[in-house]
1. Has region 104-112 got any residue that is of a type in the set (Asp, Glu), closer than 12 Å to Phe63 by Cβ and in contact with a strand residue (DSSP E or B) (Cβ under 7 Å, 6 or more places away or on another chain)?
2. Could you run through region 1-26 and say how many residues are surrounded by 10 or more Cβ atoms within 10 Å (Cβ to Cβ) and at pLDDT 50 or above?
3. Which of the residues that make up region 81-127 are part of a loop (DSSP other than H, G, I, E, B), under 19 Å from Thr15 (Cβ atoms) and without any contact (Cβ under 8 Å) to a residue 60 or more places away in the chain?
4. Got a sec? Which of Gly50, Gly85 is surrounded by 14 or more Cβ atoms within 10 Å (Cβ to Cβ), at pLDDT 95 or above and in contact with a Gly (Cβ under 8 Å, 6 or more places away or on another chain)?
5. Take region 88-125 and flag every residue that is of a type in the set (D, E, K, R), modelled with pLDDT of 95 or more and surrounded by fewer than 17 Cβ atoms within 10 Å (Cβ to Cβ).
6. When you go through Lys69, Lys37 one by one, which is the residue that is among the charged types (D, E, K, R), farther than 19 Å from Ala111 by Cβ and without any contact (Cβ under 8 Å) to a residue 60 or more places away in the chain?
7. Just to be sure I understand the filter: pairs with C-beta atoms under 9 Å, separated by 6 or more residues or on different chains, first member in region 1-25 and closer than 17 Å to Glu82 by Cβ, second member at pLDDT 50 or above and of a type in the set (S, T, N, Q). Which pairs pass?
Amino acid sequence: MLQQLLAFILLCEFTTIRLSDETIRVELAQTHKEQVKGLKGRTELAENEGMLFVYETPQILPFWMKGVKIPLSIGFFDEKRELIGVKEMALSPIKIYYSPNLAQYALEMPAGWFERHNIPTGTRFEWDEHSR
């Protein structure tokens with residue numbers, strides 16, 4: 001079991017981003033395979049930890065909760081990394097949550113996170129892509 005956990009940690013790519021006054025440790029989902037897997041099977045997510053989905057071009061992004069075991073909040077960000085919308089995602093394997101406009105990034109966090117941390121639309125996240 002420990003070997004599987006260590007292998008998982010080594011395969012995942014983590015970095016930190018800044019959103020308003022918050023520093024967030026994020027797991028990156030950049031490939032199609034990583035994006036499809038997302039947070040499926042996870043049973044917990046720490047308060048300032050999440051998953052950042054990175055897409056090559058802005059598009060309407062669809063997300064669903066199939067196989068996800070914890071409720072989540074998702075923030076959608078445009079190509080300038082500005083927050084364009086937040087949705088609360090309940091544990092429903094059939095409901096699809098769409099970005100409100102074209103988005104290039106999506107940040108999944110514990111349920112209610114954006115509200116608890118007073119993150120309004122228009123807030124830009126900072127990320128040194130070369131620090132990974």
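1. Our first condition is that a residue be of a type in the set (Asp, Glu); within region 104-112, this holds for 108.
Retained after the next criterion (residues that are closer than 12 Å to Phe63 by Cβ): 108.
Narrowing further to those that are in contact with a strand residue (DSSP E or B) (Cβ under 7 Å, 6 or more places away or on another chain): 108.
Yes - at least one qualifying residue is present in region 104-112.
2. 14
3. Scanning region 81-127 gives a single hit, Arg81.
4. Values: Gly50 fails: in contact with a Gly (Cβ under 8 Å, 6 or more places away or on another chain).
Exactly one residue qualifies, and that residue is Gly85.
5. Our first condition is that a residue be of a type in the set (D, E, K, R); within region 88-125, this holds for 88, 95, 108, 115-116, 124.
Cutting the leftovers down to modelled with pLDDT of 95 or more gives us 88, 108, 115-116, 124.
Correct list: Glu88, Glu115, Arg116, Arg124.
6. Working: Lys69 fails: farther than 19 Å from Ala111 by Cβ.
When all the criteria are applied, what remains is Lys37.
7. Filtered contacts from region 1-25: Ile17/Thr23; Leu19/Thr123; Ser20/Asn118; Ser20/Thr123; Glu22/Asn48; Ile24/Thr16; Ile24/Asn48.
Residues are listed down the side, and each one gets a yes or a no for (1) farther than 18 Å from Arg124 by Cβ; (2) of a type in the set (Ser, Thr, Tyr); (3) in contact with a Lys or Arg (Cβ under 9 Å, 6 or more places away or on another chain):
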{"site": "Gly50", "(1), (2), (3)": "no, no, yes"}
{"site": "Val68", "(1), (2), (3)": "yes, no, yes"}
{"site": "Pro71", "(1), (2), (3)": "yes, no, no"}
{"site": "Ile74", "(1), (2), (3)": "no, no, yes"}
{"site": "Asp78", "(1), (2), (3)": "no, no, no"}
{"site": "Ile94", "(1), (2), (3)": "yes, no, yes"}
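The values are calculated or read from the model by the stated rules, or taken from the named source; none is laboratory data. In this text, all values refer to a predicted model and were calculated from it rather than measured experimentally. Glycine also receives a Cβ, built like all others from the backbone with ideal geometry; neighbour counts cover every protein chain displayed.
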